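Only one structure is covered here, and it is reproduced in the block below.
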Amino acid sequence: MTEKKINTNREEGKKIVLRVLSMLINEAADALFLNIASKEDIDLAMTRGVNYPKGLLSWADEIGIDNILKILKELNNKYCEDRYRPSPILAQLSSENKTFF
């Protein structure tokens, strides 16, 4: 049986983390867009309820709305799956050069 080698490529790891975060941020953005919860409540739920180090919408501001939108568009174009469809609020914030907070 062959032993599997662990991938230690930091750039590849960073790309994977950003992909996962972008999808989570997109879900949080959709929750805000659909008036399911306020941006403050969404971030509070993720920090207190899921124990994330930051709220997803705050994280989006830190990473950059444009960067999140770019990642989601690339994934959507590549896989043509609804889960990668960017939330309309991300496109709106990007076009207005605004952030969540």
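The values are calculated or read from the model by the stated rules, or taken from the named source; none is laboratory data. All figures in this text were calculated on a predicted structure; none of them were measured in a lab. Quick reminder, even Gly has a Cβ in these numbers, built from the backbone with ideal geometry, and neighbours come from all protein chains shown.
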How many residues does region 30-77 contain that are of a type in the set (Lys, Arg) and over 14 Å from Leu93 (Cα atoms)? 3
Could you check Phe101 against (1) within 21 Å of Asn35 (Cα to Cα); (2) free of Cβ contacts under 8 Å to residues at least 24 places away in the same chain and say which number it fails? (2)
Yes or no: region 55-68 includes at least one residue that is at pLDDT 95 or above, surrounded by 15 or more Cβ atoms within 10 Å (Cβ to Cβ), on the phi < 0 side of the Ramachandran plot and not in a helix (DSSP H, G or I). yes
Taking region 69-79, which residues are in contact with a Lys or Arg (Cβ under 8 Å, 6 or more places away or on another chain) and surrounded by 20 or more Cβ atoms within 10 Å (Cβ to Cβ)? Ile71, Leu72
Would you confirm, using the coordinates I've provided, whether Asn77 is more than 14 Å from the chain's Cα centre (by Cα) and in a loop (DSSP other than H, G, I, E, B)? no
If I go through region 80-101 residue by residue, how many of them are of a type in the set (D, E, K, R), surrounded by fewer than 14 Cβ atoms within 10 Å (Cβ to Cβ) and in a loop (DSSP other than H, G, I, E, B)? 3
Please go through region 1-51 and give me each residue that is in a loop (DSSP other than H, G, I, E, B) and in contact with an Asp or Glu (Cβ under 9 Å, 6 or more places away or on another chain), ordered by number. Ile36
Just give me the residues in region 26-54 being under 16 Å from Arg85 (Cα atoms) and either aliphatic (A, V, I, L, M) or crowded, with 18+ Cβ neighbours inside 10 Å (or both), in sequence order. Asn26, Ala28, Ala29, Ala31, Leu32, Leu34
